[in-house]
Amino acid sequence: MNQFTCLEDVPDPQALLDKALQWKQNPLAAADSAKGKTLVMVFFNPSLRTRLSTEKAAQNLGFSVMTFEASQGWQLEMEDQIVMNTDKAEHIREAAAVISQYADVIGVRSFPSLDDREKDYQDYILGRFVEYAQVPVISLESAIRHPLQSLTDWMTIKEHQKQARPKVVLSWAPHPKALPQAVANSFVEWMQVADVDLVVTHPEGYELAPDFRQNVRQEYDQQKAFEGADFVYTKNWSAYSDYGQKPTVKKDWMISLEKMAWTNEAKFMHCLPVRRNVVVADAVLDSPQSIVIQQAGNRTFAAQAVLHELIKNKV
Amino acid sequence: MNQFTCLEDVPDPQALLDKALQWKQNPLAAADSAKGKTLVMVFFNPSLRTRLSTEKAAQNLGFSVMTFEASQGWQLEMEDQIVMNTDKAEHIREAAAVISQYADVIGVRSFPSLDDREKDYQDYILGRFVEYAQVPVISLESAIRHPLQSLTDWMTIKEHQKQARPKVVLSWAPHPKALPQAVANSFVEWMQVADVDLVVTHPEGYELAPDFRQNVRQEYDQQKAFEGADFVYTKNWSAYSDYGQKPTVKKDWMISLEKMAWTNEAKFMHCLPVRRNVVVADAVLDSPQSIVIQQAGNRTFAAQAVLHELIKNKV
Amino acid sequence: MNQFTCLEDVPDPQALLDKALQWKQNPLAAADSAKGKTLVMVFFNPSLRTRLSTEKAAQNLGFSVMTFEASQGWQLEMEDQIVMNTDKAEHIREAAAVISQYADVIGVRSFPSLDDREKDYQDYILGRFVEYAQVPVISLESAIRHPLQSLTDWMTIKEHQKQARPKVVLSWAPHPKALPQAVANSFVEWMQVADVDLVVTHPEGYELAPDFRQNVRQEYDQQKAFEGADFVYTKNWSAYSDYGQKPTVKKDWMISLEKMAWTNEAKFMHCLPVRRNVVVADAVLDSPQSIVIQQAGNRTFAAQAVLHELIKNKV
């Protein structure tokens, strides 16, 4: 594996899943495998879970970790053939190449503009890093995907599933802010290779991008979607068609105990952070059906599996 | 020991003191005892000494350390049964539980509002962390206590005392800003178990909270308090009764060489940072009587003793 | 070596250069030599390369590294005999002494005011740290020097030189902002001990400070300076005489392929970050003549050589 930015980068997703589950059994099984190696994480957007879990994963393997908060005053020029006489002091070409001098793996977190759809869906910033980095790049959530989260989600479903082919529902949720589509996109992408019966349910206007929604069963009726569900994964995202906007929604899409009763005693999942009593009712989140904390805990082992793959054949 | 938030959490304070003194003799005596373990420190308020000394202590024991500056844009909802449609993106219930997935010990620093006395004196934020964390919590200074500082102070007195039961004076000092009562509260709390003759001196209006000042000798006359003192510990705090305010003080409470001459060649202590020529005159701080730097140095070993107690029986 | 703030601190610069080149061959040759030791880096100004490369160097030697971003709300009082009743909560005397309790080496980065020339050229802030620190101080760029950069530059020239005594040109460049003179000052300081033929070229008004420009060949005609050059090192700096200002420059001083053609197939160097098409044309930076990335990579080994010298004789 040469990089980890989307499902396509992974030669054998099932094997990667198995490895994540194995690391969880024995996190320190190869505690020196990255000794002398360095992970540099560049954050253009803040992060709690991703930062801590990826750092923890790296430390479990013996990496040194250096974190760079690019959101604090480090303005990168991403465009080519430009006269750099504005506020942007450094070009991505130099930045990515220089960080590569100090890093064996570079992690990059960069949210979408939610403004320029074309550029966001090119995964422009992550792409520029990949282009000029001289070492493997790992996505810590990009404009349109969050593959570490998706591998974690798959792992969590695997651990909690009671039947061979569980029914998994991705259910859109209300939110006071316009959020990226990355978690939803990535989830449906990875569920294609998981042995699950996937349904995506959301109000009209919130259809995912064509590249992601193809081959995915879509259902506007939340109740119908929930029937027989083994897992309810809820998440807000803003519109793709009316890009980055929040089209009006008439019905109540929050997850409640009443709605959970429509399911086959489904487990409740969310990538966190979650808005209580907006996205999901307290009663669901605080019930035994909720596995959001275990899900967050799995982030470490998903990251560990990926980091180990990226360096295992390097001297 | 299951947590470290106040004196009451410590089963045997004298044994903890002895251990802190022992770690100082040989900081790397158990350099692998926390190997594979992680300390996550969450700062709602900035810190120099506490951050560096606790990190140093953790590294001496083999911990990996991850620091999270919550003051930079991470707004936690602390209240229950609330509709989270404001700026607060995450609830303490999830936050504390999630950090517990990556941490073996969680350090929390959180200052008081100096506004809502009831909530501050419940030690609300620290309490919420303790409630929802799944691993031991260590206070890195809370709204009303700073126990790592107090253990350090006790250690420093122990090292410098010339008689079995030294006279220790906690002397209020002027300050341009309204400061928390945490250091003073904690100091008098811990001095109850130290074998010292404690006097607290301050202007009228600056009485400590009833729970802390009970059993403590109080003296409004600074000179009388200083007579025969072996240690002068000075510190500003704002009022408890007129909560968070700075009632007018007529006399000069700054520590000067003249005042130190009232004492029994007392050592001068302060938790730092200290305002020169406001809290204490240059001449005192730069004299051999001042032990503030050694005191700051002891922070490492107090933290190391606490961290080791918290994890020593964990696999 | 007791500190590393300028060339004069280095007993044997040639030996230090040789060591930097050796560390590059085998970065982990003494991976435990600083085990149990701590590097604390204090940044009054932000940094990418210096922070990452110095941290990497420290980790290669087994140091624990703690980073303190002093730019975020930590206001130090530098003046003596002052009544500290303003915003500055801590005095450099305590700050430097306290950090020394937790550090075996202290790194300090502090830019000039570009306003008070006298104070800047005393290297006031770095000097105050050196005065009150109790452990060796390493400059991570000060008001007037950047010795880690200069050692790196020397190392890079050594690696790429084709003749015994290469011609090295330091060429002033345009820039939208007024920048420090530190890199230029330091470069000419260190080139005095390198076996090179040094020329400094810049427009009128941009003469370096007398202490730095003495013994240095100066040339106002850029083309003349470039003739026969083996290395072109370009960098902007603001004026020393009209201190911190940017006197008007009529000619175009940007480095282009046309200008590189005046040289002896010179290698192109810059300390980075660099403004593309302001300081240097894309065509030069993206050509094989540019060695700026290798130069940035060498930062690690220069820092490693210095750090190792500072601690090698300490228990």
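Using a Förster distance of 30 angstrom, determine the FRET efficiency expected from the C-beta separation of B:Asp32 and C:Gln22, and round it to 0.05.
Numbers: r = 30 Å, r/R0 = 1.01.
Once the sixth-power term is evaluated, E becomes 0.50.
For B:Lys267, list the aspartates and glutamates whose Cα falls under 19 Å from its own Cα; do not include residues on the same chain fewer than 8 positions away.
B:Asp153, B:Glu159, B:Asp195, B:Asp197, B:Glu227, B:Asp230, B:Glu258, B:Asp282, B:Asp286, C:Glu94
When you look at the Cβ of every residue in C:290-301, what mean number of other chain Cβ atoms sits within 10 Å? Could the numbers behind the result be given before it?
Values: counts 1, 0, 3, 9, 2, 2, 7, 6, 1, 3, 3, 0.
Counting Cβ atoms of other protein chains within 10 Å of each residue's Cβ and averaging gives 3.
Taking every pair of alpha-carbon atoms in chain C, what share in percent sits in each 10 Å bin, from 0 to the bin with the longest distance?
6, 27, 34, 23, 9, 1, 0
What shape does the protein assembly as shown take by its C-alpha gyration tensor, where a ≥ b ≥ c are the square roots of the eigenvalues and a/c under 1.5 counts as rounded, a/b above b/c as prolate, and the rest as oblate?
In terms of gyration-tensor shape, oblate.
For peptide B:55-67, how many partner chain Cβ atoms fall within 10 Å of a residue's Cβ, on average?
Values: counts 6, 7, 1, 1, 8, 3, 0, 0, 1, 6, 4, 8, 4.
That average works out to 4.
Mind putting a number on the dipole of chain A about its Cα centre? Charges go on the C-beta only, +1 for Lys and Arg and -1 for Asp and Glu, and I need it in Debye to the nearest 20.
Details: 33 positive and 40 negative charges, 173 e Å.
About 840 debye.
Taking loop as defined by DSSP and a crowding limit of 13 other beta carbons within 10 Å, which GluC sites (Glu not before Pro) in the stretch C:69-146 fit? Could you put the intermediate results ahead of the total?
Working: sites: C:Glu69, C:Glu77, C:Glu79, C:Glu90, C:Glu94, C:Glu118, C:Glu131, C:Glu141; in loops: C:Glu79, C:Glu141.
Listed in order of number, the matching sites are C:Glu79.
Distances from C:Ala30 to the same residue in each other copy, label points 7 Å out along Cα→Cβ, in nm, shortest first?
Taking the point 7 Å beyond Cα along Cα→Cβ, the inter-copy spacings are 3.2, 3.2 nm.
Which of B:Ser290, B:Trp154, B:Val232 sits closest to the plus end of the dipole of the stretch B:147-296, meaning its Cα is farthest towards the positive end, when Lys and Arg get +1 and Asp and Glu get -1 on the C-beta?
B:Ser290
Using alpha carbon centroids, what distance separates the stretch A:1-39 and the stretch A:100-120, in Å?
21 Å
Restricting to DSSP loop positions (anything but H, G, I, E, B) with no more than 14 other Cβ atoms inside 10 Å of their own Cβ, which trypsin sites (Lys or Arg not before Pro) remain in the stretch A:187-261?
Within the stretch A:187-261, the qualifying trypsin sites (Lys or Arg not before Pro) (loop, at most 14 other Cβ atoms within 10 Å) are A:Lys250, A:Lys251.
At 24 Å minimum axial length over the Cα atoms and a Kyte-Doolittle cut of 0.0, report the qualifying DSSP H helices in chain A, or say none.
TM-like helix candidates: A:292-311.
If you take each beta carbon of peptide A:270-281 and count the beta carbons of other chains within 10 angstrom, what is the mean?
Details: counts 1, 0, 7, 11, 6, 10, 13, 6, 5, 1, 0, 0.
For peptide A:270-281, the averaged partner shielding equals 5.
Can you classify the stretch B:147-296 as rounded, prolate or oblate using the Cα gyration tensor, where a ≥ b ≥ c are the square roots of its eigenvalues, rounded means a/c under 1.5, and otherwise it's prolate if a/b beats b/c and oblate if not? Write out the running numbers ahead of the final one.
Values: a/c = 1.42, a/b = 1.16, b/c = 1.23.
It is rounded, given that a/c, with a ≥ b ≥ c, falls under 1.5.
Taking a spot 7 Å from the Cα of B:Arg217 along the direction of its beta carbon, which residues of the stretch B:254-291 have an amide N less than 14 Å from it?
Output list for this probe position: B:264.
Would you mind ranking B:Arg109, A:Arg299, B:Arg117 by Cβ crowding within 10 Å, fewest neighbours first?
Details: B:Arg109 24, A:Arg299 29, B:Arg117 17.
Listing B:Arg109, A:Arg299, B:Arg117 from fewest to most nearby Cβ atoms yields B:Arg117, B:Arg109, A:Arg299.
Note the distances from A:Gln223 to each other copy's matching label point, with points 7 Å along the Cα-to-beta-carbon direction, in nm, sorted shortest first.
Inter-copy label distances (nm, one decimal, shortest first): 8.5, 8.5.
Please give me, ordered by residue number, the trypsin sites (Lys or Arg not before Pro) of the stretch B:119-179 that lie in loop per DSSP and have at most 13 other Cβ atoms within 10 Å.
Numbers: sites: B:Lys119, B:Arg128, B:Arg145, B:Lys158, B:Lys162, B:Lys167, B:Lys177; in loops: B:Arg145, B:Lys162, B:Lys177.
Of the trypsin sites (Lys or Arg not before Pro), the ones in loops of the stretch B:119-179 whose Cβ has at most 13 other Cβ atoms within 10 Å are B:Lys162, B:Lys177.
Please find, in a Gaussian network model of chain C (springs between Cα atoms separated by less than 10 Å), the residue of C:Leu17, C:Leu39, C:Leu52 whose mean-square fluctuation is greatest.
Of the options given, C:Leu52 has the highest mean-square fluctuation.
Determine the alpha carbon to alpha carbon distance for each of B:Lys119/B:Lys246; A:Lys177/A:Lys224; A:Lys224/A:Lys251 and list only those over 25 Å. Spell out each step's value before the answer.
Details: B:Lys119/B:Lys246 20 Å; A:Lys177/A:Lys224 27 Å; A:Lys224/A:Lys251 14 Å.
Violating the 25 Å Cα-Cα cut-off are A:Lys177/A:Lys224.
Defining the label point at 7 Å along Cα→Cβ, can you sort the distances from C:Ala261 to the same site in each other copy, shortest first, in nm?
Result for C:Ala261, in nm, nearest copy first: 8.3, 8.3.
Values in this text are rule-based calculations from the coordinates and carry no lab data. Keep in mind that what you see is a predicted model, and the values were worked out from it rather than measured. Neighbour counts run over all protein chains shown; Cβ positions are idealised from the backbone, glycine included.
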